[in-house]
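In what follows, a single structure is set out as C-alpha cells and then discussed.
The values are calculated or read from the model by the stated rules, or taken from the named source; none is laboratory data. This is a predicted model, so every value here is computed, not measured. Backbone-built Cβ (ideal geometry, glycine too); neighbour counts: all protein chains shown.
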Amino acid sequence: MNVLVAGGAGFIGSHLCEALLQSGHRVVALDNFLTGHRENVAHLEDDPAFSLIEADIAGPLPDLSAEAVFHLASAASPEGYRRYPIETLITNSVGTYQLLEIATRQRARFLFTSTSEVYGDPAVHPQPETYWGNVNPIGPRACYDEGKRFAEALTINYVQQKGIDARIVRIFNTYGPRNDPEDGRVIPNFVSQALSGSPITVYGDGRQSRSFCYISDLVEGLVRAMFSEGTAGEVFNLGNPEEYQVGVLADRVRTLAGSSSSILHVPARPEEIARRRPDITKARSVLGWSPTVPLDEGLRLTLAWFREALATRASTSA
C-alpha cells in the first residue's frame with residue numbers, strides 16, 4: 001500500500017515510517033523540519049520503498065498518491081509549540097484541511113493524531129474519549145490544544161459530510177529513542193539531566209501524575225487504528241494507563257541511570273495539569289490493543305539511546 005506520513009521525520013513519525021516499511025508498505029514522508037530531524041529517518045533513505053519530501057503541509061504540496069494518510073505533522077512538545085505557536089495553529093488548521101483534501105481525492109484512509117491535551121486540566125479521571133475536556137482557549141497551551149481540537153472537528157466533519165474513511169487518535173505521553181533531548185517533555189528532560197549529572201528539575205511539588213507509553217506500543221496502536229475495519233469516524237485514546245507521580249519518575253530515572261544528580265524542585269509552570277491518565281477501554285475492545293512494554297524496560301532502552309546520542313553531540317561540538 002502507498003502510505004503518506006506527514007511529520008515523518010519527527011519522533012513518532014520516524015518510528016511509524018520504520019514500522020510501515022517493515023510491514024511491506026511503500027512510504028512517502030513529508031516534513032518541513034521545523035521540529036522534525038532528517039537524521040531520524042537517515043537510516044531509511046536507502047530503502048527503495050521510502051522517500052522523504054521536504055514540504056510544509058500548510059503550503060503548496062506536490063502531487064501525491066496515497067492509499068492511506070497519517071497526519072502527525074505538528075510541533076508537539078512544549079518547547080516546540082511555544083517557540084512556534086502560530087505555525088502550530090496553521091499546521092493543525094490549514095495543514096489538516098490540505099491533507100483531508102488529498103485523502104478525499106485519493107479515496108484514501110486518513111488518521112489524525114490528536115493529543116491528550118484536548119482534555120485540558122481534566123475534571124474526569126481517567127479520561128475517556130467521551131469527555132469533552134477543560135481547556136483554556138487563550139492560555140499558554142492554547143496554540144496546541146485548540147489547534148488539535150479544531151483539527152478533530154474538521155476531520156469528523158469530513159467523515160460526516162464527505163464520507164471519507166478517517167479516524168482520530170488522542171496520543172498520551174509517549175517516550176523512547178529519538179525523543180529530542182531538548183524538547184521539554186518530562187522523560188527527555190529527566191534522562192538528559194540524569195546522564196549529564198545535572199540537577200533533575202521537577203516542576204512544583206512533583207505530585208502531578210502522568211502516564212508513559214513506550215514508542216513501539218504507540219506505533220502498533222496507530223497502525224491498528226488506521227487499518228482495522230469499522231474504525232471510520234471513531235476516536236481512540238492511545239497511551240499507557242499506568243499512572244506515576246512526576247517526582248517518583250524522577251527518582252526512578254536517576255536510579256536506572258546510575259546517576260548522582262540531585263532532584264531540584266522549581267516553580268510550577270502556568271496551568272500545570274494535575275493528573276493525566278487514559279481510559280483505553282475502547283482501544284482494547286475495538287482494536288485489540290494495549291501497551292506491553294513496562295516502564296523500567298522502556299526507560300532502559302531510552303537511556304541507552306540517549307547515552308549514544310548525547311555522546312555523539314558532544315564529540316561533534318568539540
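Computed values, structure above
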| quantity | calculated |
| --- | --- |
| Residue in the stretch 95-113 that is surrounded by fewer than 16 Cβ atoms within 10 Å (Cβ to Cβ), of a type in the set (Gly, Ala, Ser) and outside any strand (DSSP E or B) present | no |
| Scope the stretch 210-246; condition touching a Lys or Arg at 6+ places or on another chain (Cβ under 6 Å), farther than 10 Å from Arg167 by Cβ and acidic (Asp, Glu); matching residues | Glu243 |
| Some residue of the stretch 236-247 being surrounded by 17 or more Cβ atoms within 10 Å (Cβ to Cβ), touching an Asp or Glu at 6+ places or on another chain (Cβ under 6 Å) and part of a loop (DSSP other than H, G, I, E, B) | no |
| Candidates Val135, Val118, filtered to the one that is touching a strand residue (DSSP E or B) at 6+ places or on another chain (Cβ under 7 Å), crowded, with 19+ Cβ neighbours inside 10 Å, farther than 19 Å from Ile215 by Cα and without any contact (Cβ under 8 Å) to a residue 40 or more places away in the chain | Val135 |
| Options Gln98, Gln160, Gln106; residue that is assigned by TED's automatic domain parsing to the domain that holds Val41, polar (S, T, N, Q), in contact with a strand residue (DSSP E or B) (Cβ under 9 Å, 6 or more places away or on another chain) and touching a residue at least 40 places away in the same chain (Cβ under 8 Å) | Gln106 |
| Single condition Arg170 does not satisfy, out of (1) over 14 Å from the mean Cα position of the chain (by Cα); (2) outside any helix (DSSP H, G or I) | (1) |
| Test: residue in the stretch 288-311 that is under 21 Å from Glu243 (Cβ atoms), of a type in the set (Lys, Arg) and under 18 Å from the mean Cα position of the chain (by Cα) | no |
| Ala19 without any contact (Cβ under 8 Å) to a residue 40 or more places away in the chain, in the same structural domain as Val223 (by TED's automatic domain parsing) and of a type outside the set (Ser, Thr, Tyr) | no |
| Unmet criterion (only one of (1) among the hydrophobic types (A, V, I, L, M, F, W, C); (2) within 22 Å of Asp121 (Cα to Cα); (3) in the same structural domain as Gln161 (by TED's automatic domain parsing)) for Ala232 | (2) |
| Qualifying residue in the stretch 133-150 (condition: part of a helix (DSSP H, G or I) and over 20 Å from Glu272 (Cα atoms)) | yes |
| Every residue from the stretch 263-274 that is more than 17 Å from Arg185 (Cβ to Cβ) and surrounded by 14 or more Cβ atoms within 10 Å (Cβ to Cβ) | Ile263, His265 |
| Count of the stretch 171-184 residues which are touching a strand residue (DSSP E or B) at 6+ places or on another chain (Cβ under 8 Å) and surrounded by fewer than 21 Cβ atoms within 10 Å (Cβ to Cβ) | 1 |
| Some residue of the stretch 194-214 being in contact with a Cys (Cβ under 9 Å, 6 or more places away or on another chain) and closer than 19 Å to Pro128 by Cβ | no |
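Residue by residue, here is whether (1) touching a Gly at 6+ places or on another chain (Cβ under 7 Å); (2) at pLDDT below 95; (3) buried (at least 16 other Cβ atoms within 10 Å of the Cβ) holds:
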{"site": "Gln22", "(1), (2), (3)": "no, no, no"}
{"site": "Val27", "(1), (2), (3)": "no, no, yes"}
{"site": "Ile53", "(1), (2), (3)": "no, no, no"}
{"site": "His71", "(1), (2), (3)": "no, no, yes"}
{"site": "Tyr81", "(1), (2), (3)": "no, yes, yes"}
{"site": "Thr88", "(1), (2), (3)": "yes, no, yes"}
